[in-house]
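Read-outs throughout are calculated quantities, based only on the coordinates presented, and are distinct from any laboratory measurement. Keep in mind the model is a prediction, meaning the values are calculated, not measured. When we count neighbours, we look across all protein chains shown, and the Cβ atoms used for this are built from the backbone with ideal geometry, even at glycine.
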Amino acid sequence: MKRIITYGTFDVLHFGHINLLKRAKALGDYLIVGLSSDEFNAIKNKKSYYPYNQRKIMLEGCRYVDLVIPENNWEQKKEDIIKYQADIIVMGDDWKGKFDYLKNYCEVIYLPRTPNVSSAQTKSYLTKQ
Ligand code: C2G
C-alpha cells in the first residue's frame, strides 16, 4: 500500500486541482490531502471563497482522495509523513525545491502545474460578470 500526501487550499475546485490529485493518486494506492485551514490561509496571505469545511466536503467528493486532514502550519509536514506513513509527497512544480528538506522522510515529487487555470483567475472572471 503506497501512500501519497499532498497539501493545498483547493479553493473553487477546478480541473487543475483534479489533474494534480489524479496524477498524485496514480503514483500509489492511498491519497491524503492536507487541506489548508482558513487560519493557515491567512498566514499564506490567501483568502479562500469557500471556508474549510466546504472545501473539505468538495475534496472528499473527489474519487482520487482517500483522506482529508487539516493543514494548520508550514511545519507539520514531517510529522504528517511519519504519522500517516506517507511514501511520497506530491506538489505542483510551482513549489519545486521548497519541500526537498523532506527527502529524508519520503520521496518528493513535483508535478507540472496545469496551465491556464487557477482559483484566482476564476474568481476574478466571476466578479466581472
Ligand atoms: N495546481 C496545479 N495546477 C493549477 C493550480 C494548482 O497543479 N493550475 C496544484 C498546486 O501546484 C498545488 C495544488 O494544486 O500542488 C493545490 O493548489 P493550491 O490550492 O493553490 O495550493 P497552495 O496555495 O499552493 O498551497 O503547504 C503547501 C501549501 O498549502 C500549498
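Summary table
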quantity	calculated
Straight-distance crosslink candidates among aspartates and glutamates, where the alpha carbon sits under 14 Å from Lys96 and sequence neighbours closer than 8 are dropped	Glu107
Overall form of the stretch 63-106 per C-alpha gyration tensor (a/c, 1.5; a/b vs b/c)	rounded
√(5λ) per eigenvalue of the Cα gyration tensor, the stretch 25-85, largest first, Å	20, 16, 8
30 Å Cα-Cα threshold exceeded, pairs from Lys78/Lys123; Lys98/Lys123; Lys25/Lys128	Lys78/Lys123; Lys25/Lys128
Of Leu35, Trp95, Gln121, farthest towards positive along the dipole that unit charges on Lys, Arg, Asp, Glu beta carbons give the chain	Gln121
Neighbourhood net charge (15 Å Cβ-Cβ; Lys/Arg +1, Asp/Glu -1) for Pro112	+2
From phi via Karplus (6.51, -1.76, 1.60), per-residue ³J(HN,Hα) for the stretch 35-41 in Hz, x at Gly/Pro	8, 4, 5, 4, 5, 5, 4
DSSP loop trypsin sites (Lys or Arg not before Pro) with at most 10 other Cβ within 10 Å: longest gap in the chain	64-127
At R0 = 22 Å, FRET efficiency that the Cβ-Cβ distance of Tyr125 and Asp29 yields, to 0.05	0.05
Around Asp38: net Lys/Arg minus Asp/Glu count, Cβ-Cβ under 15 Å	+2
Positive dipole terminus of the chain, leading residue within Asn73, Gly61, Thr6 (C-beta point charges)	Gly61
Mean projection area, nm², convex hull over Cα of the stretch 83-129	4.6
The stretch 3-128 - percent relative contact order, Cα under 8 Å, separation 6 or more	32
Modelled FRET efficiency - R0 30 Å, Val117 with Arg63, Cβ distances, 0.05 increments	0.95
Local electrostatic count at Tyr84 - Lys and Arg +1, Asp and Glu -1, tallied over other residues with Cβ under 14 Å	-1
Distribution of pairwise C-alpha distances over the chain, 5 Å bins, in %	2, 11, 21, 24, 23, 12, 4, 2, 1, 0
Dipole magnitude (debye, nearest 20) for the chain, charges at Cβ of Lys, Arg, Asp, Glu	360
